[in-house]
1. Relative to the longest principal axis of the chain, what angle (0 to 90°, nearest 10) does the C-alpha long axis of helix 217-239 take?
2. Starting from 0.36 nm per residue, how many nanometres of slack lie between residue 380 and residue 244 once their C-alpha separation is accounted for?
3. Can you give the angle from 0 to 90° between the axis of helix 176-187 and the longest principal axis of the chain, with both taken from C-alpha atoms, to the nearest 10?
4. With a Förster radius of 45 Å, plug the Cβ-Cβ distance of residue 291 and residue 218 into 1/(1 + (r/R0)^6) and report the FRET value to the nearest 0.05.
5. Extending each Cα 7 Å along its Cβ direction at residue 310 and residue 412, get the distance between those two points in nm, one decimal.
6. Which order do peptides 80-87, 253-260, 217-224, 361-368 fall in by mean Cβ count within 10 Å, highest first?
7. So, by mean Cβ neighbours within 10 angstrom, what's the order for 127-140, 59-72 with the highest one leading?
8. Working from Cα positions, state the angle (0 to 90°, nearest 10) between the long axis of helix 2-34 and the longest principal axis of the chain.
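Please treat every number below as a calculation from the coordinates, not as lab data. Note that this is a predicted model, so its numbers are computed, not measured. All Cβ positions, glycine included, derive from the backbone under ideal geometry; neighbour counts span all protein chains shown.
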């Protein structure tokens, strides 16, 4: 009897030990799946229209925490034209617009006999035939990295036959915090499903800048809102112990200039609009004329704040001569000036702001802030050109870049490895 009791106790101990080993193994497996050790994703953030000096306009405690110990430039110099889609595509491809194909927010392709335009629901935006260069998410996916995008311009098109592992078709009604929720869901995935690079996009500051101008109270409120959103993201990354691992890159596509109803160029004072097709209007007017020489002669040197060029004669520093979608005549307004017609003019439409101007103007410069294990600490750098970010991100991800116009040498000075 006593031997049976001892045997029973030993059997219980044996099975209890087995169960503990099994659960311990499960716990270890679960911990491994959710561990953030050696996980160092890139989080690429664009705050559309956030001018380089906007931090000076209001209190930004959460931005300040990011900036403390970060790499920060005196500005991010956009490509020409300094518009949303050309600029965003240049950030993620490393190419000038004439090499990635998106030469403006609105453009005409004679071969397709179609017009590309932006806006929610635009079929052209998601049509891959317009895109001629490889974005970072395509480069990553082709080299067995996972990319996930939250509304970055162009990321909902199947460029080069490749989509990000997960992406969202642009929907401006999705709240800022819901976008952060999605980022956190991706980061909390099992380790083999987590993204190596995430993109995140916000348009609020740009919208308020257009409506009210860069010196308005509304722009201050928009900056404060983005500061709150950045605080939400960083606090949630810290809660799960991954903030220090993340390579956070904060950018904007361009700045913003103040408009005025007193700074108007009436293009119909100089040309007959029946004899031209105006593809894009202001501040860079793109014209397909019936007679190139006639239209050029009518416009050249007629207004002191409008520079007129034939295709091929645009200043080389703008890198804007070579693409088939660049129209035969281009007019570039000076900073703060607008191009319209007398019939279309309404003074109330010119009380806000605009961009698209020559990037030589500091008002067109955006932001560049980088923080994380791949970056040096407390590094202030001169203005950085946006085409160099693609090579930098490829280096951080340890992948081979596609052909591009940027240079890794332009960013090596502030990288930690």
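1. Helix 217-239 and the main axis of the chain meet at about 20 degrees.
2. 47.0 nm
3. Approximately 50 degrees, to the nearest 10.
4. It comes out at approximately 0.50.
5. About 4.2 nm, to one decimal.
6. 80-87, 253-260, 361-368, 217-224
7. Most protected by this proxy first, the peptides run 127-140, 59-72.
8. Taking the Cα atoms of the chain, the angle to 2-34 is about 10 degrees.
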